[in-house]
Amino acid sequence: MSATLRVLPLGGLGEIGKNMTVLEYEDRILLADVGLRFPTAEMLGIDLVLPDFAYLRGRVEDIEAIVVTHGHEDHLGALPFVLRELGADQAPPVYGRPLTMAMARSKLDEHRLRDIQLEGIAPGRRIEAGPFSFELVHMTHSIPDASAVAVTCPLGTVLITGDYKFDQTPVDGPAADMSRLAEFGRDGLLLLCGDSTNADRAGFSPSEAIVGPRLKELFARTQGRIIVTCFASNIHRVQQVVDAAAEVGRKVALVGRSMRKNVNIGRSLGHIDVPEGILVQPREIDDWPDHQLVVISTGSQGEPLSALRRMAHRDHPAVELREGDTVMFSATPIPGNERAVNETVDRLYEIGCEVITTRDEPIHASGHGYAEEIKLMLNLTRPRYVMPMHGDHKRIHLHAALARAVGVDDANIFRGQNGLPLEIDAAGARWGERERAGMIFVDGMDIGDPADVALRDRRMLSADGIFVVVATISEQDGSSVADPEVIMRGVPFRDEADDLVDDIRDAIDTSLEKAAADDVREIDLLQQILHDDVAAFVYDRLKRRPMVLPVVVEV
Ligand SMILES: [Zn+2]
Ligand SMILES: [Zn+2]
């Protein structure tokens, strides 16, 4: 009698981002992907969002291995935080393909985690890890060395596709290993956990190979400087920009820390071929005539500190944009980033730049397969059970419909949620009991709770502003000895400011008199009383809850 296999997604379902899946058999764990998400506009001042991995706390010894499908942040980015929190000295080995591991190494170095065992492995090589064994399967995506991972335990094999498309003419390297996928299908695949990102797009995704020729045409007819922005990890795209630049006789400058880092890693592993002498340093940009220059920049998602965003705000040390420059967005905004991208685009127009986005020209190809490719994956692997992953609820729903369309029994399709484990044993598959899942926030290097005080404060400040009230009281009897001071910032209100401030002063005096009558002399307590009274008064008047900071000074 075999045991139960649990497949527990801690992230990546009901959202696009922070992919992390726990596979558990006889209390042993294999972790597939350790990704993060970028914060949305409401998460003020938060740098990163991680999956809540409370489920793994205290269980680091049970983790046999971590396997990472590819080097994108939503699959790899949480690794340093998770390893540090779980205990880096007991960390399990981490497996992935060479580029993925090189990117992992660079992340771990930034967190001073130097003793983690990172194993670069080739597709097809079987790794034993406790009751599991696994192998990577080569896939095509918007980063080299992308893979699916096939995990086998005594009950059968689970295939987690990672992010993929079936690109028949990839820019570099072979097409996805369809014959290996078909072998899993022939041998009987237990469970398929597939990418749902583009389940809402009909047909097949265009090949990455369409982008290069289009870029060349555009480059050839552009007069001034060209700035191309794309994902720094999209090394094939960078290659195509470099090739197009070489063809029209332009030099290339790489701008943005992650762009330079990824191109270096990609070059050292042979994923990108940069012709001799074509690269110029960012500080040399002004030495070249406009028509001889292409700048490749980070910031395609409007990220706050990215190079392009800084250029758009005229705040970049090396590149000063001006009229006549053409900025090409060789990427589409990830859902949630549209606003930041639009804002960046508008700033560029304000400066006088030409802007070309994927709406104007086909200068981008998605890294995720469309509906027909999802069906192809299902038909190749012919899984008994299907659990769509990597998508919001809508896309998971659509992926489930595609599975039904190719003949998977509805009872065998599991539309999952973060924290909901699928339990499979010899008798069948069913949902297990819900485990804790959710988000945790990273602010700088620190990890916090969503209930985090700093975040709550920032939210309050952004919505309703702040009042600072300063009261000066007598050390002898606690009476108010000077007019209270009221300072406010960012408080939206309709009343006349002076009236409001006067009324708040009165409220403070009343509050202090009452406290003195009650013989309250403790400063902390006085500040608390002032806070509550002023907050109540302001709410009464403005129906808003600004932050109130009372300061009581004794003289
Ligand atoms: Zn992804
Ligand atoms: Zn990806």
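For region 166-322, the per residue solvent-accessible surface stands at 43 Å², with DNA, RNA and ligands left out and a 1.4 Å probe. Taken as Cα centroids, region 294-329 and region 495-555 sit 47 Å apart, rounded to the nearest whole angstrom. Averaging Cα coordinates gives a centre for region 414-435 and one for region 183-240; these two points are 33 Å apart. Could you tell me how far the Cα centroid of region 333-404 sits from the Cα centroid of region 140-175, in Å? Cα centres, region 140-175 to region 333-404: 18 Å. Counting lysine pairs in the chain whose alpha carbons fall under 19 angstrom apart, excluding pairs fewer than 8 residues apart on the same chain, gives 7. Highest mean packing comes first when the peptides 526-533, 424-431, 77-84, 21-28 are listed by Cβ atoms within 10 Å, giving 77-84, 21-28, 526-533, 424-431.
For the chain, the Stokes-Einstein estimate of translational diffusion at 37 °C and a viscosity of 0.692 mPa s comes to 125 µm²/s, using the Kirkwood hydrodynamic radius over alpha-carbon pairs.
The length gained by stretching the chain between D47 and R59 to full extension, at 0.36 nm per residue less their Cα-Cα distance, is 1.6 nm.
Solvent-accessible surface of region 330-386, averaged per residue with a 1.4 angstrom probe and all protein chains in place: 48 square angstrom.
Here the gap between R384 and R415, fully extended at 0.36 nm per residue and compared with their Cα-Cα distance, gives a gain of 9.7 nm. A Förster radius of 45 Å combined with the Cβ-Cβ distance from Y349 to R434 puts the calculated FRET efficiency at roughly 0.40.
The packing ranking of peptides 144-154, 358-368, highest mean first, is 144-154, 358-368, where packing means the average number of other beta carbon atoms within 10 angstrom of each residue. Counting only alpha carbon atoms, the long axis of helix 178-187 and the longest principal axis of the chain meet at about 80°. At each listed q (0.22 Å⁻¹), what is the log10 of I(q)/I(0) that the Debye formula gives for region 255-312 modelled as equal alpha-carbon point scatterers? Result of the Debye calculation: -1.01. For the chain, carbon and sulfur atoms together expose 47% of the accessible surface, with a 1.4 angstrom probe and every protein chain in place.
Counting every C-alpha pair in region 33-148, the share spaced more than 20 angstrom apart comes to 42%. Taking the helices alone, the chain has a mean residue ellipticity at 222 nm of -9500 deg cm²/dmol, built from -39,500 (n - 2.57) per DSSP H run of at least 4 residues and averaged over all its residues. Each principal axis of the Cα cloud of region 80-208 was evaluated for its coordinate range; sorted largest first, these ranges are 46, 36, 27 Å.
Hull volume per residue, based on the alpha-carbon atoms of region 231-379 and their convex hull, is 133 Å³. Computed from the C-beta positions of R126 and A175 and an R0 of 22 Å, the FRET efficiency is 0.45 to the nearest 0.05.
The values are calculated or read from the model by the stated rules, or taken from the named source; none is laboratory data. The structure presented is a predicted model; accordingly, all values stated were derived computationally and were not measured. Methodologically, a virtual Cβ is constructed for each residue, glycine included, from the backbone with ideal geometry; neighbour enumeration extends over all protein chains shown. Heads up: the accessible areas ignore ligands, DNA and RNA and are worked out on the full protein's heavy atoms, side chains in. Shrake-Rupley method; radii C 1.70, N 1.55, O 1.52, S 1.80 Å.
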